[in-house]
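What follows is one structure encoded as structure tokens, with my remarks underneath.
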Amino acid sequence: MGFEADTFFVEAGNRPRIGQAFLAIDPVRSPATRCSTKRIETLVATMLPRPGGAAAGARRNALGEQAAREGIEVPQPLLDQLGALGQ
């Protein structure tokens with residue numbers, strides 16, 4: 001399971017061979033709903049507190065909120081280029 005590997009964002013730690021597969025399962029349709037739900041809850045509860053652990057989209061959302069709060073730095077040459085396009 002994913003929580004058994006360390007983050008992909010640093011070199012240290014348990015680095016699995018990188019290969020990813022995503023599978024969407026509707027637990028309501030599963031004959032083992034109780035077992036599936038418990039296993040998913042275990043996976044999420046284990047991943048979230050870990051450094052770098054987050055639900056899908058959490059990093060993107062946090063970076064968007066930070067940009068909205070603090071703005072973003074745009075290099076002067078790019079600003080000049082954009083300014084020239086707007087003339």
Where a residue in the stretch 44-70 is closer than 16 Å to Asp6 by Cα and its partner, wherever it lies, is surrounded by fewer than 11 Cβ atoms within 10 Å (Cβ to Cβ), with Cβ under 6 Å and at least six apart: Gly52/Phe9
Extreme residue, modelled with the lowest pLDDT, among residues of the stretch 18-60 that are small (Gly, Ala, Ser) and part of a helix (DSSP H, G or I): Ser36
Residue within the stretch 43-50 that is farther than 22 Å from Ala12 by Cβ, surrounded by 11 or more Cβ atoms within 10 Å (Cβ to Cβ) and over 19 Å from the mean Cα position of the chain (by Cα) present: no
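The values are calculated or read from the model by the stated rules, or taken from the named source; none is laboratory data. Please read these numbers as outputs of a predicted model, since none were measured by experiment. In this analysis, Cβ positions are derived from the backbone assuming ideal geometry, glycine residues included, and neighbour counts consider all displayed protein chains.
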